[in-house]
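Notes follow once the structure below has been shown.
The values are calculated or read from the model by the stated rules, or taken from the named source; none is laboratory data. Every value quoted in this text rests on a predicted model; they were computed, and no experiment measured them. Counting neighbours? That spans all protein chains shown, and the Cβs are built from the backbone with ideal geometry, glycine included. Quick note on the areas: whole protein, heavy atoms, side chains included, nothing else; ligands and nucleic acids left out. Shrake-Rupley method; radii C 1.70, N 1.55, O 1.52, S 1.80 Å.
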Amino acid sequence: MKIRQKQRDSIINSLKGGVTPKIGLEHIQVGRLNEIKALNKDIDHIIDGGARFRLIIGAYGSGKTFFMHLIRLIALKKKLVTVNADLSPERKIYSTTGHAINLYAELIKNMSTRAKPDGNALSSVVEKFITYAISESTQSGTSVSSIIQRKLHSFTEYVGGFDFASIIEAYWRGYDNDDETLKLNAIRWLRGEYRTKVEARRDLGVRTIIKDDSVYDHLKLMSLFVRQAGYSGLLVELDEMVNLYKLSTTRARTSNYEQILRILNDCLQSSAEHIGFLLGGTPEFLIDPRKGLYSYAALQSRLEENKLAKKHGLVDYSSPTLHLTKLTPEELYVLLQNLRHVFASGNPDNYLVPDEALETFLAHCYKTIGDEYYKTTRSITKGFLDLLSLLEQNPRLRWGDLIEEIEFLEDAPSDTPSIPITENSSIGKSNDLKDFKI
């Protein structure tokens, strides 16, 4: 299948830069069959009214972010709304200094739907809710305001729910009266951009704002709201969780871990609805006994691997913690085939290297990196694309003379603790998402 030049360049440039492409993942995806099936079931559970919590654990360069982005695309195709953000020193799950609201603002900025997969979808979600209310009003003869109040009445039972419903009503008033300022203020409130209650009360007539201590409560409200707007639920993805592990004080880490425990308990006890959480982190973030999640006993007891499955060399895909298994040599070979195909814009006649070069390249990887080369997908991908780029720009060069000169950067810090990862022999070689019902 021919690949458009814009899509081809986006994929290649992203991978060479060490980041996950926003488009075209179906052209390069390999393996992870069982993991994707497990997350597919999670999404179905969210659609049915449940809640799901998953830790996605993988070493640097193992494809963790790629995997999470792939799940996000599947969720969008199943009519979920997705929000995603990377944690950083200024963005945390729990804070008293504005860092949690920073995280919330980033999540809402990146809100995506199938129609708007690149983010900034909040306004369109609210507009869709209003459109449904107007349609129902036309059919029933009831005022739009009454329908909005009825649809959002149950929100008043939740923390912050009354003011949340009031903000949606304010947006409707702005919509009905062509008051763009009122609509913008309502969106600002929903984005967590108000910093004082005085300002919010003056502009919108509400007495509360979204603050550090109410971020999680408003994510739960948002999951209920997107359902009222005609979507299937909300998927929240948080990556770079290792930033919590790096916090300098025990108190700050513990406070964030307590918030994770709260989210996990709500999901396990069905205290949340139509919402899922995917948290991506490195092995040390999970298992380090001093600073990782395992340093908090209540989390360790809930997140430990199934010991019986581990004893028999198996993987329990229903566990809250999902360790990304390393790609097999066969899967890495398929990955190189896919990269070669994308680089040639989908035209086999434009392949720059033969199959023999793929085998030689992998042999060089093994000789250079050793057994760890199965885990360093990012380095292998960048090295191979660097080779193809050089050959494209210098047709006289021979691939056989270049492969031996390729060097690989270390993906993970040298002090990263290692954990045993079970080989997943049942993963197929397919790189096609047709294997999954999406």
Looking at the structure I just gave you, is R262 assigned to a helix (DSSP H, G or I), at pLDDT 95 or above and crowded, with 20+ Cβ neighbours inside 10 Å?
no
Residues located in the range 186-227, provided they are open to solvent by 10 Å² or more (accessible area, probe 1.4 Å), under 18 Å from E157 (Cβ atoms) and small (G, A, S)
S214
Name the single residue, out of those in the range 166-185 being part of a helix (DSSP H, G or I) and of a type in the set (D, E, K, R), that is surrounded by the most Cβ atoms within 10 Å (Cβ to Cβ).
K183
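Given the residues K79, K92, which is the only one that is of a type in the set (D, E, K, R), surrounded by fewer than 23 Cβ atoms within 10 Å (Cβ to Cβ) and out of contact with any Asp or Glu (no Cβ under 6 Å at 6 or more places or on another chain)?
Details: K92 fails: surrounded by fewer than 23 Cβ atoms within 10 Å (Cβ to Cβ).
Going through K79, K92 in turn, the sole match is K79.
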Of everything in the range 46-87, what is β-branched (V, I, T) and assigned to a helix (DSSP H, G or I)? Give them in sequence order.
I46, I47, T65, I71, I74
Only one of G292, G276, G281 is in contact with a Lys or Arg (Cβ under 6 Å, 6 or more places away or on another chain), open to solvent by less than 30 Å² (accessible area, probe 1.4 Å) and within 18 Å of I56 (Cα to Cα). Can you tell me which?
G276
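Residues are listed down the side, and each one gets a yes or a no for (1) modelled with pLDDT under 95; (2) outside any loop (DSSP other than H, G, I, E, B); (3) of a type in the set (K, R); (4) open to solvent by 40 Å² or more (accessible area, probe 1.4 Å):
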{"residue": "L314", "(1), (2), (3), (4)": "yes, no, no, yes"}
{"residue": "L322", "(1), (2), (3), (4)": "yes, yes, no, no"}
{"residue": "Q337", "(1), (2), (3), (4)": "yes, yes, no, yes"}
{"residue": "H341", "(1), (2), (3), (4)": "yes, yes, no, yes"}
{"residue": "E356", "(1), (2), (3), (4)": "yes, yes, no, yes"}
{"residue": "F361", "(1), (2), (3), (4)": "yes, yes, no, no"}
{"residue": "D386", "(1), (2), (3), (4)": "yes, yes, no, yes"}
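Would it be correct to say that A298 is open to solvent by less than 50 Å² (accessible area, probe 1.4 Å), closer than 16 Å to F53 by Cβ, in contact (Cβ under 8 Å) with a residue 24 or more places away in the chain and part of a loop (DSSP other than H, G, I, E, B)?
Working: open to solvent by less than 50 Å² (accessible area, probe 1.4 Å): yes; closer than 16 Å to F53 by Cβ: yes; in contact (Cβ under 8 Å) with a residue 24 or more places away in the chain: yes; part of a loop (DSSP other than H, G, I, E, B): no.
Criteria not met by A298.
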Matching residues in the range 33-60 - criterion: being more than 23 Å from P117 (Cβ to Cβ) and buried (at least 22 other Cβ atoms within 10 Å of the Cβ)
A51, F53, L55, I57, G58, A59
For D118, only one of the following conditions fails: (1) touching a strand residue (DSSP E or B) at 6+ places or on another chain (Cβ under 9 Å); (2) surrounded by 15 or more Cβ atoms within 10 Å (Cβ to Cβ). What is its number?
(2)
Hits in the range 2-22 - residues which are more than 21 Å from G383 (Cα to Cα) and either assigned to a loop (DSSP other than H, G, I, E, B) or in contact with an Asp or Glu (Cβ under 8 Å, 6 or more places away or on another chain) (or both):
K2, I3, R4
Is the range 269-290 home to any residue that is assigned to a helix (DSSP H, G or I), under 22 Å from K64 (Cα atoms) and over 19 Å from the mean Cα position of the chain (by Cα)?
yes
Residue within the range 64-84 that is touching a residue at least 40 places away in the same chain (Cβ under 8 Å) and over 17 Å from L235 (Cβ atoms) present
no
Which ones in the range 95-112 are in contact with a strand residue (DSSP E or B) (Cβ under 9 Å, 6 or more places away or on another chain) and open to solvent by less than 30 Å² (accessible area, probe 1.4 Å)?
A100, L103, Y104, L107, I108, M111, S112
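Please determine, by comparing only the residues of the range 121-164 that are assigned to a loop (DSSP other than H, G, I, E, B) and among the small types (G, A, S), which one is surrounded by the fewest Cβ atoms within 10 Å (Cβ to Cβ). Can you show your working first?
Pass one, the range 121-164, residues assigned to a loop (DSSP other than H, G, I, E, B): 121, 141-143, 152, 158-160.
Applying the additional criterion that residues be among the small types (G, A, S) yields 121, 141, 143, 160.
On the way: A121: 23, G141: 6, S143: 11, G160: 19.
This residue is G141.
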